[in-house]
Amino acid sequence: MRALVVVSFASACLLLLLQLAGASHVVYNYKDLEAEAAAATDQVPPSIVNPLLRTGYHFQPPKNWINDPNAPMYYKGWYHFFYQYNPKGAVWGNIVWAHSVSRDLINWVALEPALRPSIPGDRYGCWSGSATVLPDGGGPVIMYTGVDHPDINYQVQNVAYPKNVSDPLLREWVKPSHNPVIVPEGGINATQFRDPTTAWRGPGPEQWRLLVGSAAGSSPPRGVAYVYRSRDFRRWRRVRRPLHSAPTGMWECPDFYPVSKGGAPRAGLETSVPPGPRVKHVLKNSLDLRRYDYYTVGTYHPRAERYVPDDPAGDEHRLRYDYGNFYASKTFYDPAKRRRILWGWANESDTAADDVAKGWAGIQAIPRTVWLDPSGKQLLQWPIEEVEALRAKSVTLRNRVIKAGHHVEVTGIQTAQADVEVSFEVSPAALAGAETLDPALAYDAERLCGVKRADVRGGVGPFGLWVLASANRKERTAVFFRVFKPAAGDKPVVLMCTDPTKSSLNPNLYRPTFAGFVDTDISNGKISLRSLIDRSVVESFGAGGKTCILSRVYPSLAIGKDARLYVFNNGRAHVKVSRLTAWEMKKPVMNGA
């Protein structure tokens, strides 16, 4: 959920500048912006409204605006997904909790919205929240933020229950009269108090705990995760000290869950699993100032209700789920396959006028399985296995050497909607020729990528894929690796980058470079990349899911059958593609679209 910012269409350029700073989570005054954006639709390039730019296999409703994922869960054989949705238009406003169900997390059927403003505690909005499935057949409980005073944006936490817990589709929800159940008392900033997490069971008579995100102080404010305890989801008591805080600005959409240390690959843990020798915890927050999702891995002390990150510098140099356009994420435990699944929202990167003209805005990233890396230092993420059921016709390249400054086209399939897996090899001798990393950029991957873009010749790299490329390559989005010698030490530094600066000939698009460092040992010269290409989104996973980048792009030429795929090498060292397989992707059932 986000605080209201009133913006006129004349400030559209300012919005793009805000997005350049990572502010993909801006909220608009709905009535003003919709009217002004609609009045400016004559400025929208024709290609923007081409239906072939609408994603094919990423989650979205048939039309209109969507944002935060809410309360994902598995219940009686069905996956449930709720999300912030405007049923009246393609810009933010009139938000309700839309509701879809699925058997496989890929094919989705839309139901009636689950929550609408209807009680004093949510009269001015049903904002983000989470679901907890109670044990012993108790059914699910939703905790969500409401606003009950519009002028001061006074935020409270409400509860909702299924009308019929025996209904596997959970089609109706009721809000008890004792709402709100948590209010911002004790000096809490009532305008920055939102997004309750999934609850977990802990020791003591008040066995349920959850977190609410907030901020305290100023210059900059400290992000805060407050702990609340309850026996019955009706009466909640705040723990005196926060679970954790850091000088990072407001913490939106917190998430807190256990991960297995040294367990089976890709295995997840139920949210209430207590800490222990083989259990770590992850605390994730969506930073209101930076508009990215950050997390730390650490130890949870349930008696003291404290969380301590393993890395003392973790609050300053935080890890990110995704180094691109990805925000307000939420995980849930899937008991059917014993895994933890991550959802995240990807906003559009065009203008509000574009969104009004095309009639839709926002998608959800492909659901990802998330688990702890064997090193214990970070999470790994991978698209859920079910997405592979959409793979159709394929083409494979093997043992193809891409010489310095050359590229190779991948032909034989249509690649506007594709899944590409590629393994690269660079000789150890070539690694010795890597360029030296500038110490000033050693902790700023995004800035480094902006300086060392895909067209800037390097030693080892840039090498990777040109996706959604036109036949003349005037349009192309680059997803690539680049290897550096460290300023200190001898372990090569690997940068993964998405460069969409040449992705479209259309003006007024947000086209930043996105990048993250890849914590991998490339001394053997091997590294892998997977990219999910879906018309106007490129979602990439480096080194088996160590670094992930999602980017929104809107080609004007490379649309549909005119989209091309290339492997490129713009370094001085030759690179071998040991194997590349690309699949055309079928379109699933998607909410009746």
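The values are calculated or read from the model by the stated rules, or taken from the named source; none is laboratory data. Quantities reported herein were computed from a predicted structural model and do not represent experimental measurements. Every residue, glycine among them, receives a Cβ derived from its backbone with ideal geometry; neighbour counts consider all protein chains shown. Heavy atoms of the whole protein, side chains included, go into the accessibility calculation; ligands, DNA and RNA do not. Shrake-Rupley method; radii C 1.70, N 1.55, O 1.52, S 1.80 Å.
Probing with 1.4 Å while keeping every protein chain in the model, the per residue accessible area of segment 390-585 equals 36 Å².
When each of the peptides 322-334, 213-225 is scored by the mean number of other C-beta atoms lying within 10 Å of its residues, the order from highest to lowest reads 322-334, 213-225. Projecting the Cα positions of 493, 540, 505 onto the charge dipole of segment 464-585 (unit charges on Cβ atoms of Lys, Arg, Asp and Glu, taken about the Cα centre) puts 505 furthest along the positive direction.
Rounded to the nearest Hz, the phi-derived 3J(HN,Hα) couplings of segment 404-409 under the Karplus curve 6.51 cos²θ - 1.76 cosθ + 1.60 (θ = phi - 60°) are 4, x, 10, 8, 9, 7, where x marks glycine and proline. For the chain, the average shadow cast by the Cα convex hull is 24.8 nm², which is a quarter of the hull's surface.
Shape annotation for segment 321-447: C-alpha extents along the principal axes are 48, 41, 39 Å, from largest to smallest. When peptides 39-50, 336-347, 460-471 are sorted by average Cβ neighbour count within 10 Å, with the highest value leading, the order is 460-471, 336-347, 39-50. Listed cross-link partners 261/586; 175/586; 63/163; 337/393; 63/330; 377/485 are compared with a 32 Å cut-off, the Cα-Cα value being larger for 261/586; 175/586. When only alpha carbons are used to place a centre, segment 370-407 and segment 507-530 end up 12 Å from one another.
Between the amide H of residue 115 and those of 97, distances stay under 5 Å, these residues lying 5 or more places away or on another chain, with hydrogens modeled in the peptide plane.
Suppose a student asked you for the relative contact order of segment 390-585, using Cα pairs under 8 Å spaced at least 6 residues apart; what percent would you report? It would help to have the intermediate numbers written out before the result.
Values: 550 pairs, mean separation 80.4, N = 196.
Result for segment 390-585 is 41 percent.
Once you list every other residue whose beta carbon is under 12 Å from the beta carbon of residue 582, what net charge do they have if Lys and Arg are +1 and Asp and Glu are -1?
Net charge around residue 582: +1.
So what is the relative contact order of segment 317-373, in percent, for Cα pairs below 8 Å that sit 6 or more residues apart?
Rounded, it is 32 percent for segment 317-373.
Radius of gyration over Kirkwood radius for segment 390-585, both on Cα atoms: the Rg/Rh ratio is 0.95. Across the options 227, 346, 246, the greatest Cα extent toward the positive end of the charge dipole of segment 65-383 (unit charges at beta carbon of Lys, Arg, Asp, Glu) belongs to 227.
In the chain, the calculated helix contribution to ellipticity at 222 nm averages -1500 deg cm²/dmol per residue, counting -39,500 (n - 2.57) for every DSSP H run with n ≥ 4. Ligands, DNA and RNA left out, the 1.4 Å accessible surface of segment 390-585 is 47% carbon and sulfur atoms. Estimated at the nearest 10 Å², the accessible area of residue 148 is 30 Å² with a 1.4 Å probe.
Computed over the alpha-carbon atoms, segment 62-166 gives an Rg to Rh ratio of 0.98, Rh here being the Kirkwood radius from the mean inverse distance.
Starting from the Cα gyration tensor of segment 65-383, take the square roots of the eigenvalues, sort them a ≥ b ≥ c, and report rounded, prolate or oblate (rounded when a/c is under 1.5, otherwise prolate if a/b is larger than b/c, else oblate).
Since a/c stays below 1.5, the shape of segment 65-383 is classed as rounded.
Computed 3J(HN,Hα) for segment 507-523, one whole-Hz value per residue from the Karplus formula 6.51 cos²θ - 1.76 cosθ + 1.60 where θ = phi - 60°, is x, 6, 10, 7, 10, x, 7, 10, 7, x, 6, 10, 7, 9, 8, 9, 4, glycine and proline marked x. The Cβ shell under 11 Å around residue 346 holds other residues with a net charge of -3, Lys and Arg each +1, Asp and Glu each -1.
Taking amide H atoms as placed 1.01 Å from N in the peptide plane, the amide H of residue 382 lies under 5 Å from those of 369, each 5 or more residues away in sequence or on another chain.
What you get for the chain, charging only the Cβ of Lys and Arg (+1) and of Asp and Glu (-1), is a dipole of about 1160 debye around the Cα centre. Using alpha-carbon positions, what is the distance between the centroids of segment 89-131 and segment 283-360, in Å? For segment 89-131 versus segment 283-360, the Cα centre distance is 20 Å. Each Cα pair under 8 Å and six or more residues apart adds its sequence gap; the mean of these over the residue count of the chain is a relative contact order of 15 percent.
Ranking 187, 555, 109 by how far each Cα lies toward the positive end of the dipole of the chain (charges on Cβ) leaves 109 at the top. Among 105-111, 404-410, the peptide with the highest mean count of other Cβ atoms within 10 Å heads the list, and the full ranking is 105-111, 404-410.
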